[in-house]
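The values are calculated or read from the model by the stated rules, or taken from the named source; none is laboratory data. Nothing here was measured: the structure is a model prediction, and the numbers come from that model. In this analysis, Cβ positions are derived from the backbone assuming ideal geometry, glycine residues included, and neighbour counts consider all displayed protein chains. When the accessible area is computed, the model is the full protein with side chains, heavy atoms only, and any ligands, DNA or RNA have been set aside. Shrake-Rupley method; radii C 1.70, N 1.55, O 1.52, S 1.80 Å.
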Amino acid sequence: MGLLSIIRKVKAKEKECRLLILGLDNAGKTTILKKFNGEDINTISPTLGFNIKTLEHRGYLLNCWDVGGQQTIRSYWRNYFEATDGLVWVVDSADRVRLGDCKRELDCLMEQEKLAGASLMIFANKQDLAGALSEEEIVEALGLKGEQFKTRHWSIVACSAVTGEGLLVGMDWMTDDISSRIFMLS
Amino acid sequence: MASISSTSTFFIEREEFLGLIGGFKEGEDNEKSVERLKTILDRYLESPTLLDPHLEEIMSSLVTPSSSMIHSLYSSGTISDDLSNTPTNEGPPLLHTYLSLISHLSKVRGYKTIKKLFTHEAVDLEPTLMCLLSQDPQNHALWESRYALLLWLSMLALVPFDICTIDSTSESSTRTTSNLVETIIKISKSYLSDPGPVRESAAVCLSSVLTRPDMEEGYLQDFMEYAKEVLMIRVGIKKNDGDDGKSNTVSHLTDNTFLTMGLVHTLAHLFKYGHREKFLIYVDAFLEQIILLAENGGSQTMLRKLLVKLFQRVGTTFMPVRIVPWRYQRGRRSLLTNMESKGEGKEELTESEVTEEPDIYVPPELEDVVDQLLTGLRDRDTVVRWSAAKGLGRITERLPRECADDVVGAIMELFNDNETDSAWHGANLALAELARRGLLLPSRLPKVVPIIVRAIHYDVRRGQNSVGAHVRDAACYVCWAFARAYSPEVMKPYVEELAKGMLLAALFDREINCRRAASAAFQENVGRQGNENFKHGIEILTAADYFTLGNRVKAFTEISCFVAGFEKYRRSVIGHLKEVKLFHWDVEIRLLASQGLGNLVALDKNYMADVVLHELISKVCDPDLLVRHGAVLGIAEIVKALKSNVSSKHTEITNVVVEVEKARLYRGKGGEIMRSAICRLIECVSIAQLPLPVKTQVRLLDSVDDCIKHPLEEISLSAVAGLRALLKQYFPVASTGPSSRLHSRVFQKYAKVVEEEDNAAATRGFALAIGCLPAKLLAFNDEALETAVNLLCKCADINFKVGEEPDAETRRNCVKGLTEIVKTVGVGSTKIQTFPGTDKATLTSVGLSPPLTTKIFTTLFSCMEDYSMDKRGDVGSWVRCAALNALETLTLEAVDASKNLKEASPDPTSATNKDDEDENEILPPLAERMQLLDEDIQAKVLASVQSSSPMNEEWRSVDTPPQYFDVQTSITVLGLILKQLAEKLDNVRDLAGNILHRLLNENKIPLVADRVFLTEALKTKANETMNWASPHTTFTMIIKAMNIDVYHEAIVEGLAVSVGGLTESVVKSSSGALIDWVKTMKKLKGWRHLARLGRTLVNLMRKFEKDERIVVPVLKTVHLLLQNEALRSEERRTAKENKTEETEEEKDRFGPTMLKLVKAEAHGSKSYKKIVAIVDVLIDLTAEIKWSGADDEDKAYFDEVLTFAFALLGHPFPKVRKYVAEQLYVAILENEGVVKDDSKYDNACSVILETAWDGELEQTEEQEVAVRVRRNELADLMGVELSEKARAKKVVKKGKEKEKKDELASYMSLVKEAGR
């Protein structure tokens, strides 16, 4: 294994990252992924299992893992944590009732060792619906200013998976943030 | 979301690939398509990521049909769902085709990428599992299917549901014992001991199932128990034999290395993917055993690698993941945040000040783990070291600062002279890994950098060669990693040292990969650290790029000078060459280093003269051969470059020669290279014109003389080069020539050796030496020159013998010597030359006079006929090649000397078509068209060519000085070259072709007969360098030139040797070209040319009578021509059409002439090869036999042919008789006219067929019908009259044989008795 082949390998790795898309059920995870992929978003049913899509963005290959959000299968999320570069947390901004749930699950995730160091992108989804909370309100509700998030790279973007608004901004941040780290961490 | 707009792809076979997959049909043989698909995939093994954009469609085209097949198998119930059943139905072949392609894809792209692309729906789980269950684990043909299915299962097992909910068995029946999970685990476990790749995917599958959150309690624990037990027994058995009774269940598996590997592999995966805290409890239980296992040492590389992996994972299990606060961070690199901060913070680099790290508990076991990984760094296999390096990186990333620093310290201890090269390599990898992760803190750099610089030149001698290329390469990796890890400020203090290290490696490493790696590392550094830090980085990189450095000579001699042009690097470059590379173990490198040093002199004269030279002189008698050889080489090149700037050291320098000889360093090992080096030194001293006293001059001459006669050609050559320079520079002569003392010391001494010595090495060397004498010693008057030329001409003759033996090298060197003389003295003119060191300053040297020129020409002409052979093969070809070169030189000189040469006028004899009025068709190739033009038109063409030559006018204006070159010489020279161009040796053809090309096109020699045709025939395509060595192209060209009368015979002579040769490619191309020519000639009715070819061949047979080298190939050529009816039909035509004007030649009919010749050749010949060739020709001659309507002359001829054939049928060699019979049979089948009487035809055939022709010739008692009797019978049937003498001849001989036998018998008995 000479330097030249190492370089080739490193370069290939630098261009590839693994994203995990999580959130409560009905937050719009699969819709976002399908929107990214340019697929039809009118016929989406609850994800009973998981989807993997590979997308290219700004020269990076993003392996997106979208796992269902139902309560019953949340305990299996842990199964997918391995080697995750970025976590996309999708919030249904209109679902005020379950915001507490949402915070609890996110906090729980943040404690997972295997996600230490992963960039966190929060999509405040469903901004197209009346009564949707704003970014600031969600930051507040999820306690993102808290101690737990101090050492983590995170960002929040208000978006709508249906219109597509805000999605690109979020993914741009994600790829930038990961690429700035991945240099040193393989 | 913007869709991907560019559809460009690097997967060029995409359409074909998907098409082939889509074309699969059930029940058909798809093997060919599969082969093709796999071939396509294999092309991407090097850069598999190119496939990425298409992986999804490829996989879905494979997975979707497989999935539906598996489902239909499942629902039809044809596959069993019971593990205990013996596998019955493995599924349709098409399914396996798909699955095998999936496996192949994962081989190319890696299973981690491929497995993601399987379906992962819960409904697939059970069918896929059942399908796997119904595979026969022993069926080796289908292992790829099992591999793919296990991989698939590993993905399906990730479904985020309780598996029980999709387990159809658990709800429908009471068979709770065999639920889904259990089955998966059981089947995967069973594949863990597979000897092939299936083991890997089983481990993947197993770990995938067992790390499910719902498995932790029950199944995982069970599996860990099992694994522990197996490993315990595995190591226990080696420790003591007491544990046997404990677990009978697994004891039979303990010897299975494959199972151990499978388990270790699975464990590594489990520890990697599993929940760290849950696995912590298992660590203690395993650690002891795996350490034992590692220490007992797996002999398998794979097992050691897996163990290192497992150690790494165990280590990371001890420590939680965290971003260690002490890590070195090279500022923030996020574009976004950097933009926001608006440049005020620059690159904020922190060796994080957060020193108050929270107390982290480091379990003591971790030390064992790190220990194991450090051992892994020293492993003898690269993969293991690499894995260990990565492992150390990952663990150190989690350690508190002090512990991490300990690890760095431990790694650095590996850079130790007592450690193996493997350890150095591993340590380099580990350092690079740590640096990349920011774990090698800048505070460590002062110690690390010098070590890296040492490692970048690591080269340890092992006997005749050395090891260390991989260490140097890995050191480049460290430099590369540093470039990426540290900020310019941090790197600044070390930049110079590192930059020099990398540059020197890039310029002077022996291995191409290391030079390139160093260049890549340098590039990364310049790019990331800036041109500020790396001085002149960009200029250097531009000159020393990846590709130019690929050429070692260029790197040493050119790019090094460029780099040394920057003062910053100059002394390092010189220093490295003079201290390291000049004494390198590889002689090539020493030579290159000396040349490099010589080139560098101009940049730093004083340093070279005062310091370097002095140092090297002190080393010339070093006990180490490499050092003294390198030193002498270095001195030589530096002196040559310094010239007069050597200052006062010249006595010291010439003393080197004396010292080396006094120390007897020519003797023993390495003596040869020392001789060459000393000769080079003498040459360089002379070139540098160091002032030397006469005594020293003579001393040096003695040294050189001694080396000239060395049997190694290399030494002899460098000695001659030394001699040439020495004599040219020193040894002044008077205007009348050298003193008689000098003359006898040099020329006469050498001449005597060449003429009389019987040591071939001496004659070879001094023949060259005479050629290399300067004009002042060689040509001070006509007489001297004549003596020299005559001597060399005499000794170049093929009959000249050294001692008792002929010696091709001596002849070749004589020819070379002649060439040199021609170059030195020139033809014709008298030259006034100035000699340095002579007071009288001038001396007139004579050139070659017309008779001498002719003499050399004649000698060279005869040298071109040197076809001598010895056990090394065609050694004459060396002489011929030398003569070819000599001819070129002499021709050019001669032409130059006789200025007023006109273009050869079209020789009336070469006019081709006096009587071919009917041949005026328009013909395709110009050469042929020209050939058939009217004479006066041709003359006009020639005239136009001549007048276009600008030199024409000049020549006419000059009066007639002596002539050195004329038309006849020109024709002979060109003919000889053309002949060589038509011959069979590739290298000779290549040389001849190039020389001819130069003479005709570049130097435009005059007096070329039929220049127009010749250049037309040999015209190469524009801008194309002709490869004359390739028979394929050359022969088609040379055949065209064959039509030119003056060169015809020469070319045919060469061509026949090629056509009838043994080298397949040559035979094929030449005979192909010849037959094409025959066809063209027939089409154009060029009978005259065909007839002439026949006559030329006949003449060749006459000229080279009994010379097998020519006769056999000529016969083969004649055979080929006869087979293609080239000679025969022509003859008929000329015989009939030209009745009116029958010339002498035409009376001489081909058939009868040839018959006479072959009869003569066959007489007394013992060569089977030759006789077979004769038989072939003879049988060809029978093809024209036609008794009816033949005149008497014909009849007599036919009779003679057949009689001779029958004589051969009674040949003493059985093989010959058999061959003749076979050929005769074919002949009478093809031409029934051979048999006079039709009614006897069938009988004749059966006699030929039914006789064992290779049986006994004479009738013996046991054998009823001897060959001779049958032969005579056949002769009667065919109406051939054999003389009585021929019929009975052998009776006499039989008596003789018997006598011989008796003699032999008595001899045998004598031997036997003596033996007792």
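Values for this structure:
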| item | result |
| --- | --- |
| Selected residue (only one of B:Thr824, B:Thr854, B:Thr819, B:Thr787 is surrounded by fewer than 24 Cβ atoms within 10 Å (Cβ to Cβ), part of a helix (DSSP H, G or I) and at pLDDT 90 or above) | B:Thr819 |
| Matching residues, segment B:1180-1207, being at pLDDT 80 or above, of a type in the set (A, V, I, L, M) and over 21 Å from B:Leu1121 (Cβ atoms) | B:Ala1196, B:Leu1202, B:Ala1207 |
| Filtered residue count, segment B:1168-1178, keeping only those that are without any contact (Cβ under 8 Å) to a residue 60 or more places away in the chain and open to solvent by less than 20 Å² (accessible area, probe 1.4 Å) | 4 |
| Selection from segment B:1236-1249 of residues that are open to solvent by 70 Å² or more (accessible area, probe 1.4 Å) and modelled with pLDDT under 80 | B:Lys1236, B:Asp1238, B:Ser1239, B:Lys1240 |
| Selection count, segment B:620-649, where residues are farther than 15 Å from B:Leu600 by Cα and either open to solvent by less than 50 Å² (accessible area, probe 1.4 Å) or modelled with pLDDT of 90 or more (or both) | 11 |
| Number of the condition not met by B:Thr301 [criteria: (1) modelled with pLDDT under 80; (2) within 14 Å of chain A (Cβ to nearest Cβ); (3) surrounded by fewer than 20 Cβ atoms within 10 Å (Cβ to Cβ)] | (1) |
| Tabulated pairs, segment A:165-179, first within 8 Å of another protein chain (Cβ to nearest Cβ) and open to solvent by 10 Å² or more (accessible area, probe 1.4 Å), second at pLDDT below 85 and in a helix (DSSP H, G or I), C-beta under 7 angstrom, 6+ apart or interchain | A:Trp173/B:Leu336; A:Asp176/B:Leu335; A:Asp176/B:Leu336 |
| Filter result (without any contact (Cβ under 8 Å) to a residue 12 or more places away in the chain and under 20 Å from B:His120 (Cβ atoms)) within segment A:33-69 | A:Lys34, A:Glu39, A:Thr43, A:Ser45, A:Thr54 |
| Residue check, B:Gln968 closer than 30 Å to B:Gly847 by Cα and open to solvent by 30 Å² or more (accessible area, probe 1.4 Å) | yes |
| Qualifying residue in segment B:414-426 (condition: of a type in the set (Asp, Glu) and touching a residue at least 24 places away in the same chain (Cβ under 8 Å)) | yes |
| Residue among A:Leu106, A:Leu62, A:Leu55 that alone is open to solvent by less than 40 Å² (accessible area, probe 1.4 Å), within 21 Å of A:Glu136 (Cα to Cα) and either more than 8 Å from chain B (Cβ to nearest Cβ) or not aliphatic (A, V, I, L, M) (or both) | A:Leu106 |
| Test set (1) buried (at least 17 other Cβ atoms within 10 Å of the Cβ); (2) more than 9 Å from chain B (Cβ to nearest Cβ); (3) touching a helix residue (DSSP H, G or I) at 6+ places or on another chain (Cβ under 6 Å) - A:Gln148 fails condition number | (1) |
| Residues (within 14 Å of chain A (Cβ to nearest Cβ) and aromatic (Phe, Trp, Tyr)) located in segment B:503-560 | B:Phe522, B:Tyr546, B:Phe547 |
| Meets criteria (part of a helix (DSSP H, G or I), more than 24 Å from B:Tyr219 (Cβ to Cβ), modelled with pLDDT under 80 and open to solvent by 20 Å² or more (accessible area, probe 1.4 Å)) for B:Gly343 | no |
| In segment A:65-100, the residues that are farther than 30 Å from A:Lys11 by Cβ, within 14 Å of chain B (Cβ to nearest Cβ) and open to solvent by 50 Å² or more (accessible area, probe 1.4 Å) | A:Gln71, A:Thr72, A:Ser75, A:Arg78 |
| Those residues of segment B:709-743 which are of a type in the set (A, V, I, L, M, F, W, C) and open to solvent by 70 Å² or more (accessible area, probe 1.4 Å), in sequence order | B:Leu712, B:Leu717 |
| Residue among B:Ile166, B:Ile102, B:Ile79 that alone is in contact with a helix residue (DSSP H, G or I) (Cβ under 8 Å, 6 or more places away or on another chain), at pLDDT below 80 and buried (at least 20 other Cβ atoms within 10 Å of the Cβ) | B:Ile79 |
| Every residue from segment B:556-584 that is open to solvent by 30 Å² or more (accessible area, probe 1.4 Å), under 17 Å from B:Ile456 (Cα atoms) and assigned to a loop (DSSP other than H, G, I, E, B) | B:Val580 |
| Residue among B:Pro924, B:Pro962, B:Pro1006 that alone is at pLDDT below 70, part of a loop (DSSP other than H, G, I, E, B) and under 30 Å from B:Ser862 (Cα atoms) | B:Pro962 |
| Unique residue being at pLDDT below 85, part of a helix (DSSP H, G or I) and basic (Lys, Arg) when the list is B:Lys1079, B:Lys1040 | B:Lys1040 |
| Conditions (1) in contact (Cβ under 8 Å) with a residue 24 or more places away in the chain; (2) within 11 Å of another protein chain (Cβ to nearest Cβ): number failed by A:Asn125 | (2) |
| Residue among B:Asp545, B:Asp509 that alone is charged (D, E, K, R), touching a helix residue (DSSP H, G or I) at 6+ places or on another chain (Cβ under 9 Å), modelled with pLDDT under 85 and under 24 Å from B:Val471 (Cα atoms) | B:Asp545 |
| Those residues of segment B:298-325 which are within 13 Å of B:Gly393 (Cβ to Cβ), assigned to a helix (DSSP H, G or I) and among the β-branched types (Val, Ile, Thr), in sequence order | B:Val308, B:Thr316 |
| Restricting segment A:5-14 to residues that are surrounded by fewer than 16 Cβ atoms within 10 Å (Cβ to Cβ) and facing chain B (nearest Cβ under 9 Å), the residue that is nearest to B:His470 (Cα to Cα) | A:Arg8 |
| Residues (under 22 Å from B:Arg327 (Cα atoms) and within 14 Å of another protein chain (Cβ to nearest Cβ)) located in segment B:473-489 | B:Tyr477, B:Val478, B:Cys479, B:Trp480, B:Ala481, B:Phe482, B:Ala483, B:Arg484, B:Ala485, B:Tyr486, B:Ser487 |
